[in-house]
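Down below is the structure, laid out as structure tokens.
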Amino acid sequence: MPAGHKLVIANLKMHWNSLAEAERYERSLIKDWSKLAAAERVRLAVCPSFPFVPLVKHLGKAGIALGVQDVFWENSGAYTGEVSPTQAAAFGAAYAIIGHSERREHLGETGEMVSRKAHAALAAHLTPVVCIGETREERDAETTLSVVREQLNELFTFVLPEDAARLVIAYEPRWAIGTDRTPTSDEILEVKLLIRKELLKLCGSAGEKTPILYGGSVRAEFVGSVCLDPGLDGVLVGRESLDPKSLIAICRALV
Ligand code: PGA
């Protein structure tokens, strides 16, 4: 990513229940995006549920990327209910969120699964946005840094070190997701520095180029101070991305 540019990943989770809803969102987002003066310095990727990915193709034409919220680690075969990275790419996705804490928590995704998925996404030329972060208990026990270090080490079980520059790391403290509680910019900075140091150790110079995002209750009002003081490359947005106006306000606040 060029210096000074920011990446915004919109995780729409399991929202939108109709094509009409998706189309309304698409129209409204494109309208507001086209008025964003600094749009060339923001890379925005919208990640709806799988069925909607091919249905919001106008986003791509307007310069907004598409992504998915997960992919499987195999590319085809007898895996009922799964979606392969190649399928996601064929329908227009450029990004794949991998290892979101909701999947780790509700579906038992392990570090090994996350690593396999990120590896498979890279093979299909998707950019994996790998989520890592500690629980409230881990933060209270002052084990945040060791938890994050371990998650990063697990990621490179299957992901090749030289691919570090082709993926994105999203630091998302689990306790900040969906809660309106956020870490201070100093707390984010401490973890960001640890992530960079670990990436350099694990991946050499490729680790210098990995964009590092913050996620967890991101809102336009504090994106400048909390998310940018630590010099992050962008943000992963949940709830606030459901309203195109709030999402654009976040993009505007970042550049
Ligand atoms: P939130 O979600 O912005 O609603 O806290 C963030 C996320 O789940 O990535």
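Would you mind stating whether Trp16 is over 16 Å from the mean Cα position of the chain (by Cα), part of a loop (DSSP other than H, G, I, E, B) and surrounded by 21 or more Cβ atoms within 10 Å (Cβ to Cβ)? Step through it out loud before you land on a result.
Numbers: over 16 Å from the mean Cα position of the chain (by Cα): yes; part of a loop (DSSP other than H, G, I, E, B): yes; surrounded by 21 or more Cβ atoms within 10 Å (Cβ to Cβ): no.
So Trp16 fails the test.
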State whether the residues of region 24-33 include one that is assigned to a loop (DSSP other than H, G, I, E, B) and at pLDDT 95 or above. no
In region 145-182, which residues are touching a Gly at 6+ places or on another chain (Cβ under 6 Å), within 15 Å of the ligand (Cβ to nearest atom), under 17 Å from Ile97 (Cα atoms) and hydrophobic (A, V, I, L, M, F, W, C)? Ala170, Ile177
Helices (runs of 4 or more DSSP H) wholly inside region 111-163 containing at least 2 residues that are touching a residue at least 24 places away in the same chain (Cβ under 8 Å), over 27 Å from Glu82 (Cα atoms) and aliphatic (A, V, I, L, M): 144-155
Looking only at region 153-175, count every residue that is buried (at least 22 other Cβ atoms within 10 Å of the Cβ) and among the hydrophobic types (A, V, I, L, M, F, W, C) and tell me the total. 7
Looking at Ser185 and the list (1) within 9 Å of the ligand (Cβ to nearest atom); (2) touching an Asp or Glu at 6+ places or on another chain (Cβ under 8 Å); (3) at pLDDT below 95, which single condition is not satisfied? (1)
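Report whether or not Ser101 is within 16 Å of the ligand (Cβ to nearest atom) and not basic (Lys, Arg). Walk me through how you get there before you give the answer.
Details: within 16 Å of the ligand (Cβ to nearest atom): yes; not basic (Lys, Arg): yes.
For Ser101, the condition - within 16 Å of the ligand (Cβ to nearest atom) and not basic (Lys, Arg) - is met.
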Within region 26-37, residues being closer than 22 Å to Pro2 by Cβ and surrounded by 13 or more Cβ atoms within 10 Å (Cβ to Cβ) number 2
Any pair with Cβ under 7 angstrom, 6 or more apart, that starts in region 46-73 at a residue that is within 13 Å of Phe91 (Cβ to Cβ) and ends at one that is loosely packed, with under 15 Cβ neighbours inside 10 Å: Ser49/Met14; Leu55/Leu19; Leu66/Gly60
So Leu66, is it surrounded by 17 or more Cβ atoms within 10 Å (Cβ to Cβ), away from the ligand (no atom under 16 Å from the Cβ) and assigned to a helix (DSSP H, G or I): no
In this structure, is His5 within 28 Å of Ser115 (Cα to Cα), at pLDDT below 95 and either of a type in the set (S, T, N, Q) or surrounded by 14 or more Cβ atoms within 10 Å (Cβ to Cβ) (or both)? yes
Cβ pairs under 8 Å, 6+ apart or interchain, first in region 232-247 and within 7 Å of the ligand (Cβ to nearest atom), second part of a helix (DSSP H, G or I), ordered by first then second residue, are Val237/Leu247; Val237/Ile250; Glu240/Ala220; Glu240/Ser246; Glu240/Leu247; Glu240/Ile250
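The values are calculated or read from the model by the stated rules, or taken from the named source; none is laboratory data. Note that the structure is a prediction, hence the values are computed from the model and not measured. Note: ideal-geometry Cβ built from the backbone for every residue, glycine included; neighbour counts use all protein chains shown.
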